[in-house]
Amino acid sequence: MSQRTVYDKLWDSHLVQQNEDGSALLYIDRHILHEVTSPQAFEGLRIAGRKPWRLDTNLATPDHNISTDPAERAAGVAGIPDNTSRIQVQTLDDNCDHFGIKEFKMNEMGQGIVHVMGPELGATMPGLTVVCGDSHTATHGALACLAHGIGTSEVEHVLASQCLVTKKMKNMRVTVDGALGAGVTPKDVVLAIIAKIGTAGGNGHAIEFAGSVFSNMSIEGRMTVCNMAIEAGARVGLVAVDEKTIEYCRGRQFMPAGEMFEKAAEYWRTLMSDPDAMFDTEVHIDGNDIAPQVSWGTSPEMVIPVTGNIPRAEDQTDVVKQKGVERALEYMGLEGGAPISSVAVDRVFIGSCTNSRIEDMRAAAAVVEGRTVSDSIKQALVVPGSQMVKAQAEAEGLDKIFIEAGLDWREPGCSMCLAMNADKLGAGEHCASTSNRNFEGRQGNGGRTHLMSPEMAAAAAIAGHIVDVREFTGDQS
C-alpha cells in the first residue's frame with residue numbers, strides 16, 4: 001500500500017462504499033447532537049417511522065440557546081428568557097427521552113458546548129469518525145479523528161443509518177516550526193495561519209497541523225487550532241497521535257479501560273502520516289515570527305499583530321480587496337492606518353468552543369489577578385465550556401479571581417459566540433472576543449468583533465481597549 005496521510009488512514013478504515021460519481025458512503029462512529037440542528041432530523045425519523053440505527057453512538061447536550069445567567073439557569077428550562085430558545089431546548093430533551101439517546105441535560109454534570117464536553121468525557125477518541133450538526137466539529141480532530149460538521153438532513157441520515165454520503169477531500173499539511181514567543185498562544189498560531197492562507201486557503205482540503213509548534217502544544221491548544229480550521233476554508237483539521245494524545249484520553253468516562261485501553265492505544269499510535277505520504281498542498285510558517293494577533297475586520301483573515309496598524313483601503317493593490325477593506329472599515333467604525341491598540345472595546349467575551357477550556361480559564365485568570373476591569377467596559381463575560389470546566393475552575397479558585405476583578409462568571413454554554421441567546425452585542429459595540437468568527441452581526445446585529453486569545457481579551461478588559469498582553473506580563477520585546 002502506498003504511503004498514506006492520517007486523513008487517508010481514517011478515510012480508508014471507515015469507507016463502506018465508493019461510488020463511480022466520486023461520492024462515497026462513510027461509516028460514522030460518534031454523532032453528537034444539540035438543540036439547533038436536531039429537531040427537524042428527529043421529526044424526519046418520526047414521519048418515516050424510523051428509529052436511530054445505533055443508540056450508543058449518539059450523544060446530546062444543549063449549548064447554543066441556553067442562558068448562561070446563573071439565576072436563569074437555576075430555574076431550569078423554564079428560566080430561558082426567549083420563547084423560541086426555550087422550545088428548542090425542551091424539544092431536544094423530549095426527543096432524546098423519546099428515542100432513548102443519552103443526553104447531558106442543561107444543568108447536569110457533563111453538559112457543555114458540544115466540542116468541549118465530547119473530548120472531556122472521552123466520547124471523542126483517536127481513530128473515530130465524528131460528526132455534529134455544527135461546523136466547528138473539526139475541533140475533535142485534535143485527537144486524530146476524522147471530524148466535521150454536517151447539515152440537518154445529514155443529521156437525520158446519520159441517525160437513521162449510521163453512515164454519511166460524502167466525498168473525499170484533498171490533503172493539506174500546515175507545518176509550523178520554531179519556538180513561540182512569550183504571550184503567543186494557540187489562538188495566535190491559528191489566526192496567523194488564516195491570515196497567511198486566507199479563509200478560502202483550505203477549501204476542499206483536510207488540514208493536518210504538523211511541526212514542532214504543534215508537538216509542543218497541549219491537546220487543548222490543538223483543539224483551539226483544529227476548531228478554526230473551518231475558518232481557513234477546510235472542513236477537517238487534525239493532528240497526528242502522540243503520547244500526549246494517549247495520556248489525555250486515559251481514564252475518561254467513555255474511554256476503554258485497563259487492557260482494552262492499552263490495545264486501543266497500540267492502534268492509535270499508527271495514526272500518523274507515513275514518512276513519504278504525499279500532500280496536495282504544503283504550507284510552512286515560522287513560529288518564531290508569530291506575535292499576539294487581533295482581527296480588525298469582518299473576516300477571520302483580516303488579522304494583524306497587536307503591534308500593527310489597521311490596513312488602509314488605498315494601500316490595497318487589488319480592487320476587490322480594496323472594496324473589501326473599505327466595507328470592513330465602515331462596518332467596524334475604524335480608521336485605516338490607526339494602531340489597532342487604539343481601539344476601545346465595550347464588552348469582553350472569554351468563552352466559546354474555541355477558548356473555554358480549563359487551560360483558557362487559567363490563562364485569563366493569570367492576567368486579571370490583582371487587577372480591576374476598566375470602568376469603560378460595559379460587560380466582561382467569562383463562560384466555561386462545560387460543567388466539568390466550571391467545577392475545575394471553581395475548585396482552583398479561578399471564579400473568585402474573575403469576580404474580584406469585576407468580570408461576570410457564568411454557567412456553561414455557547415453564550416456570546418453567536419447571537420442565538422441572551423448574551424449579545426448591541427449595534428456599534430466593539431467586543432474583545434475569544435470566539436472563532438467575526439462576521440457582520442455574528443455576536444449581535446451591528447456588533448463589532450475582534451478575535452484574540454483569552455490572555456489578550458483579559459488584558460483588554462483591564463485596559464478598556466485592545467492592548468498587547470505582554471505589557472501586563474513584562475514580556476514586551
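The values are calculated or read from the model by the stated rules, or taken from the named source; none is laboratory data. Treat the numbers as computed from the prediction; the structure is a model and nothing was measured. Neighbour counts are summed over all protein chains in view; Cβ atoms, including those assigned to glycine, are modelled from backbone coordinates with ideal geometry. For the accessible areas, the whole protein counts, side chains as well, though only heavy atoms, and no ligand, DNA or RNA atoms are used. Shrake-Rupley method; radii C 1.70, N 1.55, O 1.52, S 1.80 Å.
Which order do Met172, Met260 take by accessible area at a 1.4 Å probe, largest first? Intermediate results must be reported in sequence, preceding the final value.
Working: Met172 5, Met260 120 Å².
Descending accessible area places them as Met260, Met172.
Calculate the tail of P(r) for region 327-447: the fraction of all Cα-Cα distances greater than 22 Å, expressed in %. Walk me through the numbers before you get to the answer.
Working: 2555 of 7260 pairs.
Counting every Cα pair in region 327-447, those more than 22 Å apart make up 35 percent.
Could you run the Karplus curve 6.51 cos²θ - 1.76 cosθ + 1.60 with θ = phi - 60° over region 428-444 and give me ³J(HN,Hα) per residue in whole Hz, x for Gly and Pro?
x, 7, 9, 10, 7, 10, 9, 6, 10, 9, 10, 5, 4, x, 4, 9, x
Stretched out fully, how many nm does the piece from Trp53 to Asp274 gain, at 0.36 nm a residue minus the Cα gap? Could the numbers behind the result be given before it?
Numbers: separation 221, 0.36 × 221 = 79.56 nm, distance 3.45 nm.
The Trp53-Asp274 span can extend by a further 76.1 nm.
Taking the Cβ of Ser295 as the center, what net charge do the other residues with Cβ under 12 Å away carry, scoring Lys and Arg +1 and Asp and Glu -1?
Details: positive: Lys187, Arg437, Arg442, Arg448; negative: Asp188, Glu231, Glu301.
Spelling it out: positives minus negatives among the neighbours equals +1.
Which peptide among 351-362, 403-414 comes first, and what is the full order, when sorted by highest mean count of other Cβ atoms within 10 Å? Intermediate values should be presented prior to the final figure.
Numbers: 351-362: 27.6, 403-414: 21.4.
Put in order of decreasing packing, that is 351-362, 403-414.
Ordering Leu329, Leu15 by accessible area with a probe of 1.4 Å, largest first, what comes out? Show your work: numbers first, answer last.
Details: Leu329 20, Leu15 65 Å².
The residues order as Leu15, Leu329, largest area first.
Can you tell me, using C-alpha contacts under 8 Å and at least 6 residues apart, the relative contact order of region 392-477 as a whole percent?
18 percent
On the protein heavy atoms, probe 1.4 angstrom, tell me the percent of accessible surface of the chain carried by carbon and sulfur.
C and S fraction of accessible area: 49 percent.
Across every pair of different alpha-carbon atoms, what Kirkwood hydrodynamic radius in Å does the chain reach?
Values: mean 1/r = 0.0443 Å⁻¹.
Hydrodynamic radius (Kirkwood, Cα pairs) of the chain is 22.6 Å.
Search the structure for amide H atoms under 5 Å from the amide H of Val467, placed 1.01 Å from N in the peptide plane, and list their residues when 5 or more places away or on another chain.
Ala460
Determine the principal axes of the Cα atoms in region 389-477, then give the extent along each, sorted from largest to smallest and rounded to whole angstroms.
Result for region 389-477: principal-axis Cα extents of 36, 35, 20 Å.
Read phi for every residue in region 216-227 and hand back ³J(HN,Hα) as whole Hz from Karplus 6.51 cos²θ - 1.76 cosθ + 1.60, θ = phi - 60°, with x for Gly and Pro.
7, 7, 5, 5, 4, x, 4, 5, 4, 5, 5, 3
Using a 1.4 angstrom probe and counting only protein chains, how large is the accessible area of Tyr27 in Å², to 10?
Here the accessible area works out near 60 Å².
Classify region 219-303 as rounded, prolate or oblate, taking a ≥ b ≥ c as the square roots of the eigenvalues of its Cα gyration tensor: rounded when a/c is under 1.5, otherwise prolate if a/b is larger than b/c and oblate if not.
Prolate.
Report the Stokes-Einstein translational diffusion coefficient (µm² s⁻¹, integer) for region 1-145, Rh taken as the Kirkwood radius over Cα pairs, at 4 °C with viscosity 1.567 mPa s. Numbers along the way, then the final one.
Details: Rh = 16.7 Å.
Value of D from the Cα-based Kirkwood radius: 77 µm²/s.
At a 1.4 Å probe radius, which order do Thr224, Thr298 fall into by accessible area, largest first?
Values: Thr224 5, Thr298 25 Å².
Final ranking, largest accessible area leading: Thr298, Thr224.
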